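Novice: Before anything else, here's the structure in question.
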Amino acid sequence: MNERLENIRQISNRLAIAIASLVVLISIGAIIASIYQGIITAPIAAFFAGVIGGFVGLQRRLKSMSSEDLLLLAHSWVYVWISPIVGGVLAVVLYVLFISNLVSGDLFPKFVPDVITAEEVIKKNFSVVFAVHGEAVDYAKMMFWSFVAGFSERFVTDIISKFEKQSTP
């Protein structure tokens, strides 16, 4: 087997191990979230959907990568995880864009702020930002777009660039 194919095989094995580890973490997280109802699960779910999208996108790009990129991925766990972690972060950023209504339309989820008293705002601090709710279809849309955010990092960065262009005089 030539070196390029060997590198792809080694990277694919690393991706399989990483995804299996992620599934275990998601399962444990789901159990913990079901036990402790106070955990804010939507941004966590968005993050994990973005990470999975990042893994799928990375696996899809393997055959078109340069030999140097393949060599880096084949010999470094950090490089294997960078794209999926960035995908997870971008998925959470996209979720924040959804709850802030900066990105909206029929294709995107619509979240409504929860009714919160002033005392609860003081008690919850920053977590009040995520005090929103939606219908099942909205959470399904959020998960889909979170996956897309990880799969295609350019999707969210292009949205951010549009905001940047609008704010620049």
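Coordinate-derived values only; no laboratory data. Not measured: the values here are computed from a predicted model. Neighbour counts are summed over all protein chains in view; Cβ atoms, including those assigned to glycine, are modelled from backbone coordinates with ideal geometry.
Novice: At a Förster distance of 45 Å, what's the computed FRET efficiency of V96 paired with E3, Cβ-Cβ distance as r, to 0.05? Working shown, then result.
Specialist: Numbers: r = 42 Å, r/R0 = 0.94.
The formula returns an efficiency of 0.60 here.
Novice: By per-residue mean of other Cβ atoms within 10 Å, what is the highest-first order of 15-27, 151-163, 83-95? The partial results should precede the final answer.
Specialist: Working: 15-27: 13.3, 151-163: 15.2, 83-95: 22.8.
Ranking, from highest mean packing down: 83-95, 151-163, 15-27.
Novice: Sticking with this structure for a sec: At 222 nm, what helix-only mean residue ellipticity would the chain give, in deg cm²/dmol to the nearest 500, using -39500 (n - 2.57) for each DSSP H run of four or more? Could the numbers behind the result be given before it?
Specialist: Numbers: 7 runs with 123 residues, N = 169.
-24500 deg cm²/dmol, from helical runs alone.
Novice: If every alpha-carbon in the range 1-77 counts as one equal scatterer, what log10 I(q)/I(0) does Debye give at q = 0.13 1/Å?
Specialist: Log10 of I(q)/I(0), two decimals: -0.50.
Novice: In degrees, nearest 10, range 0 to 90: what is the angle between the Cα axis of helix 77-99 and the longest Cα principal axis of the chain?
Specialist: 20 degrees
Novice: By count of other Cβ within 10 Å, fewest leading, how are E3, E68 ordered?
Specialist: Details: E3 11, E68 8.
Lowest to highest Cβ neighbour count: E68, E3.
Novice: Efficiency by 1/(1 + (r/R0)^6): what FRET value for T41 and E119, r their Cβ-Cβ distance, R0 = 35 Å, to the nearest 0.05? Don't skip to the end; give the middle numbers.
Specialist: Details: r = 23 Å, r/R0 = 0.67.
Calculated transfer efficiency: 0.90.
Novice: Given a cut-off of 19 Å, what percent of all Cα-Cα pairs of the range 3-167 lie beyond it? Please report the intermediate quantities before stating the final value.
Specialist: Values: 8227 of 13530 pairs.
Roughly 61 percent, once rounded to a whole number.
Novice: HN-Hα J couplings of the range 144-151 from phi, Karplus 6.51/-1.76/1.60, θ = phi - 60°, integer Hz, Gly and Pro as x?
Specialist: Computed from phi, the couplings for the range 144-151 are 4, 5, 5, 4, 4, 4, x, 5 Hz.
Novice: Take every Cα pair under 8 Å in the range 3-167 that's 6+ residues apart, average their separations, divide by the length, and report that relative contact order as a whole percent. Could the numbers behind the result be given before it?
Specialist: Values: 189 pairs, mean separation 52.2, N = 165.
Reported relative contact order: 32 percent.
Novice: If you don't mind, another one. Need one number: nm distance between label points at Q59 and T157, each 7 Å from Cα along Cα→Cβ, rounded to one decimal.
Specialist: Roughly 2.3 nm, to one decimal.
Novice: Return the loop-located trypsin sites (Lys or Arg not before Pro) in the range 46-106 (DSSP other than H, G, I, E, B) with at most 15 other Cβ atoms within 10 Å of their own Cβ; answer none if there are none. Show your work: numbers first, answer last.
Specialist: On the way: sites: R60, R61, K63; in loops: none.
Listed in order of number, the matching sites amount to none.
Novice: Using 20 Å as the cut-off for backbone N distance, which residues of the range 10-39 belong to the label zone defined by a point 7 Å from the Cα of H75 along Cα→Cβ?
Specialist: 10-15
Novice: Next up: Take D106, D69 and order them by how many other Cβ atoms sit within 10 Å, fewest up front.
Specialist: On the way: D106 6, D69 15.
Fewest-to-most ranking of D106, D69: D106, D69.
Novice: Could you compute the FRET efficiency for I82 and I31, with r as their C-beta to C-beta distance and R0 at 45 Å, rounded to 0.05? Show your work: numbers first, answer last.
Specialist: Working: r = 28 Å, r/R0 = 0.63.
Rounded to the nearest 0.05, the efficiency is 0.95.
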